[in-house]
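The values are calculated or read from the model by the stated rules, or taken from the named source; none is laboratory data. Note that the coordinates shown come from a computational prediction; the quantities given were computed from them, not determined experimentally. All Cβ positions, even for glycine, are placed from backbone atoms using ideal geometry, and neighbour counts span all protein chains on display.
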Amino acid sequence: MLLAYSQGDKTKGKLMHNPIDSGKKSVDEISTTELAQVLAQRLMITSGRWHRLKSNRKARALEQAAVSLVLLLKDQPQEALVRLQQASGWLDKSINPLPCPSHGDQQTSNSEKLLEEIK
């Protein structure tokens, strides 16, 4: 089963079961692509967290870098490069946040669309 480090105060730094995984597979039984997809899912900025994280450059860069990893593992190097460039743009401040996707037209967030594309 997948293990994760706890972020809580009492168990900080201790290995815990990953709640995403139901305990059916060990890390050795999961493909690298599946692991990358779990990471991308974890780092995805959903519409519920978008307002809080829209200007968080580290969070935005992590999200794009994780998607890039999945795309690269799926033999899509050109798309992976685009996502890496976006991650770099968040870090070097050449990219700025767009307006809220939920104002006006109710659409799926870009992050949620990305996650669907890499599944």
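Quick notes
- Residue in the range 49-58 that is of a type in the set (D, E, K, R), at pLDDT 95 or above and buried (at least 17 other Cβ atoms within 10 Å of the Cβ) present: yes
Per-residue answers, yes or no, for (1) within 15 Å of residue 116 (Cβ to Cβ); (2) modelled with pLDDT of 95 or more:
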position	(1), (2)
47	yes, no
65	no, yes
74	yes, yes
81	no, yes
85	no, yes
